[in-house]
1. With unit charges on the beta carbons (Lys and Arg positive, Asp and Glu negative) and the dipole taken about the Cα centre of the chain, which residue among GLN30, LEU71, VAL44 sits farthest to the positive side?
2. When the helix-only estimate is applied to the chain (DSSP H runs of n ≥ 4, each -39,500 (n - 2.57), divided by the residue count), what is the mean residue ellipticity at 222 nm, nearest 500 deg cm²/dmol?
3. By its C-alpha gyration tensor, with a ≥ b ≥ c as the square roots of the eigenvalues, how is the chain shaped: rounded for a/c under 1.5, else prolate for a/b larger than b/c, else oblate?
4. Pull up all non-local amide H partners of ARG83: gap of 5 or more, or a different chain, and H-to-H distance under 5 Å with H placed in the peptide plane.
5. May I ask you to list the lysines whose Cα is less than 27 Å away from that of LYS2, ignoring any residue fewer than eight positions away on the same chain?
6. Computing the accessible area with a 1.4 Å probe over protein heavy atoms, can you report the carbon and sulfur percentage for the chain?
7. Would you calculate the separation in nanometres between label points at ASN56 and LYS2, each defined as 7 Å from the Cα along the Cα-to-beta-carbon direction?
8. So if each residue of separation counts as 0.36 nm, and I subtract the Cα-Cα distance between ALA13 and PHE88, what length gain in nm does that give?
Amino acid sequence: MKLTREEVLHIAALAKLGMTEEDIDRFGTQLSNILENFEALRKVNTDGVPPTTQPNTLCNVMKDDVVQPSLPVEDVLANAPAREGDFFRIRAVME
């Protein structure tokens with residue numbers, strides 16, 4: 001499936017990406033190739049194949065939490081660009 005220039009721009013707008021003309025051509029080709037690969041996969045007969053969420057038998061490997069003393073506040077905040085008392089000071093990210 002070949003994407004049109006307008007479709008690539010629409011996808012870029014949805015992702016809030018600024019694109020140059022070179023980007024539009026490059027990503028248009030790459031996205032079209034991805035869609036063509038999905039078309040090939042769509043043609044594969046999967047009758048009788050049970051749906052899976054994980055193709056292999058991986059499981060989470062977790063170690064037990066161990067309580068340890070933390071670093072001193074002064075060491076943690078030593079390289080902080082700004083601080084307020086015993087806390088990092090950052091710009092507001094929400095109004």
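1. Highest projection toward the positive end goes to VAL44.
2. Values: 3 runs with 36 residues, N = 95.
Calculated at 222 nm, the ellipticity per residue is -12000 deg cm²/dmol.
3. On the way: a/c = 4.29, a/b = 1.51, b/c = 2.84.
Because a/c hits 1.5 or more and a/b fails to exceed b/c, the chain counts as oblate.
4. Correct list: ARG89.
5. Of all the lysines, those that pass the test against LYS2 - Cα under 27 Å, at least 8 places apart if same chain - are LYS16, LYS43.
6. 58 percent
7. Between ASN56 and LYS2, the simple spin-label model gives 3.9 nm.
8. On the way: separation 75, 0.36 × 75 = 27.00 nm, distance 3.46 nm.
Between ALA13 and PHE88, full extension yields 23.5 nm more.
The values are calculated or read from the model by the stated rules, or taken from the named source; none is laboratory data. Because the structure is a prediction, the values reported are computed rather than measured. Neighbour counts run over all protein chains shown; Cβ positions are idealised from the backbone, glycine included. Ligands, DNA and RNA are excluded from the accessible area calculation, which covers all protein heavy atoms including side chains. Shrake-Rupley method; radii C 1.70, N 1.55, O 1.52, S 1.80 Å.
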